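The values are calculated or read from the model by the stated rules, or taken from the named source; none is laboratory data. Note that the structure is predicted; figures quoted are calculated from it, not measured. No Cβ is skipped: glycine too gets one built from the backbone with ideal geometry, and neighbour counts run over all protein chains shown.
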Amino acid sequence: MQEFNYYMPTKVFWGPECLKKQGNAIRSIGKRALVVTGKRSARASGVLDDITGTLGGAGVHFAVFDDIEPNPSIATARRAGKAARSFGADMIVAAGGGSPLDAGKAAAVMAANDREDDDLFAGRYAGPVLPVVAVPTTAGTGSEVTPYSILTDPAMKTKRNLKSDRLFPVLAFLDSRYTDSLPPEVTAHTAVDALTHAVEGFLSTRSTPVADTLALRSMELLGVELPKLRSGAPDRDGRENLLFASLLAGYVIAQTGTTVLHAMGYHLTFFHGVEHGRANGLLLAPYLRHVRNGQPERVRSVLASLGCEDVAELESMLGVLLKRDVILTEREAGEYSLIASQAAGAASTDPRPDADDVRSMYNAILRA
Ligand code: NAP
Ligand code: FE
């Protein structure tokens, strides 16, 4: 068997009301919490009430920063970091989709490290990083168990990854009831994000035997649950399976990172406003056709665990779930291809795509 290492420091609690039962565990890591959330959904999902009730009951002082937008910018994360500093926070409780979780993780760095962007992204900071408690309300990013915070950088016109082992949340609470309020399209987009994490991790040059095992189970669950999304909102078991698949896929990318597929998707999000999961999903079939050139067996395993005969079957299943409305000009496709082919994710894609390969992946789906 190949050599590998495995690191996963996040203590995960799973199940209905798991958060409310763990006031003491939360108090053991901090006494003053900045709660970082999005604008609306933390209230709609009930997670904010559960958090404030639990913190209050445990004698933890808190303030709420509820101004995180989808695909959060570096500037928003800096504002949250400043709010943490002014409040004298000694921990961050981040609740919501991947956007508030990532902004909360960045705020945990920025609270005590007021440095230039390039220093932060290069890990050149010496101050402490506040401990993070993560409570996901989407089933997709797995950010509650990853060392990544993905932030939008308007100056560089793309997303950047603030990555550090110190960004693994200390505690994560997964309660699928918080995902009940998700609208159908967000349920689908986020589930497809989880799918791409499992698939990319499995096909990455950085895959490991542990990550493979987790990825295969995640894909099996998603192969059952994704087609069901066509006929309405998932039931309790469906919501649990989606959240569990997302958790497993988060464990996968925490080890392997993502690949060129995510690097390509970032451009659709930044320049065309396509939601993160949908952006990746629109490009998944052409990506698999590219990877199949070098790893036919591995791609067959992906399709088998999803219960699909071939890439075309997966493509038509995704076609029902994801709106295809992206129009790229020749120039745009060319520019994005050049950048994505130089991204870190391209280097962990096997076979490694050059700009022409990336261009054909964009063309295959977006110009059809
Ligand atoms: P999101 O951007 O966090 O949320 C999308 C939308 O869903 C928002 O409008 C949000 O509303 C709403 N929403 C969230 N939970 C809801 C609920 N329970 N009920 C109703 N509405 C709800 O979406 P996401 O796909 O979870 O996260 C995407 C971000 O995560 C991207 O920036 C992506 O790059 C990043 N990501 C990070 C990692 C990682 O490892 N760190 C991995 C993959 C992706 P509000 O705005 O009101 O909250
Ligand atoms: Fe993702």
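Farther than 28 Å from Glu335 by Cα and either within 15 Å of ligand 2 (Cβ to nearest atom) or free of Cβ contacts under 8 Å to residues at least 60 places away in the same chain (or both): does that describe Ser164?
yes
Taking Ser231 and the conditions (1) modelled with pLDDT of 95 or more; (2) out of contact with any strand residue (DSSP E or B) (no Cβ under 9 Å at 6 or more places or on another chain); (3) closer than 21 Å to Leu322 by Cβ; (4) more than 10 Å from ligand 1 (Cβ to nearest atom), which numbered condition does it fall short on, given that it satisfies the others?
For Ser231, the exception is condition (1).
Kindly state which helices (runs of 4 or more DSSP H) lie completely within the range 249-368 and contain at least 1 residues that are surrounded by fewer than 16 Cβ atoms within 10 Å (Cβ to Cβ) and within 16 Å of ligand 2 (Cβ to nearest atom).
By residue number, 344-347.
Criterion first (over 21 Å from the mean Cα position of the chain (by Cα) and more than 13 Å from ligand 1 (Cβ to nearest atom)) does Lys20 satisfy it?
Judged against the criteria, Lys20 is a match.
Could you tell me whether any residue of the range 59-70 is surrounded by fewer than 24 Cβ atoms within 10 Å (Cβ to Cβ), closer than 18 Å to Gly250 by Cβ and within 16 Å of ligand 2 (Cβ to nearest atom)?
no
What pairs come up if the first residue lies in the range 260-278 and is within 12 Å of ligand 1 (Cβ to nearest atom), the second is of a type in the set (Asp, Glu), and their beta carbons are under 7 Å apart, counting only those six or more places apart or on different chains?
Leu261/Glu200; His262/Glu200; His276/Asp193; Gly277/Asp193
Search the range 123-141 for residues being among the small types (Gly, Ala, Ser) and within 15 Å of ligand 1 (Cβ to nearest atom), and hand back the single one that is farthest from Ser164 (Cα to Cα).
It comes out as Ala139.
Just to be sure I understand, how many residues within the range 166-187 are surrounded by fewer than 24 Cβ atoms within 10 Å (Cβ to Cβ) and in a helix (DSSP H, G or I)?
Of the residues in the range 166-187, 7 are surrounded by fewer than 24 Cβ atoms within 10 Å (Cβ to Cβ) and in a helix (DSSP H, G or I).
Please verify whether Ser246 is within 13 Å of ligand 2 (Cβ to nearest atom) and more than 27 Å from Ser337 (Cα to Cα), treating the condition exactly as stated.
Yes: the conditions hold for Ser246.
Give the residues of the range 5-15 that are out of contact with any helix residue (DSSP H, G or I) (no Cβ under 6 Å at 6 or more places or on another chain) and in a loop (DSSP other than H, G, I, E, B), sorted by residue number.
Across the range 5-15, the qualifying residues are Asn5, Tyr7, Met8, Pro9, Gly15.
Of the residues that make up the range 115-128, is at least one more than 16 Å from ligand 2 (Cβ to nearest atom), aromatic (Phe, Trp, Tyr) and surrounded by fewer than 23 Cβ atoms within 10 Å (Cβ to Cβ)?
Checked against the condition, which is being more than 16 Å from ligand 2 (Cβ to nearest atom), aromatic (Phe, Trp, Tyr) and surrounded by fewer than 23 Cβ atoms within 10 Å (Cβ to Cβ), the range 115-128 yields at least one hit.
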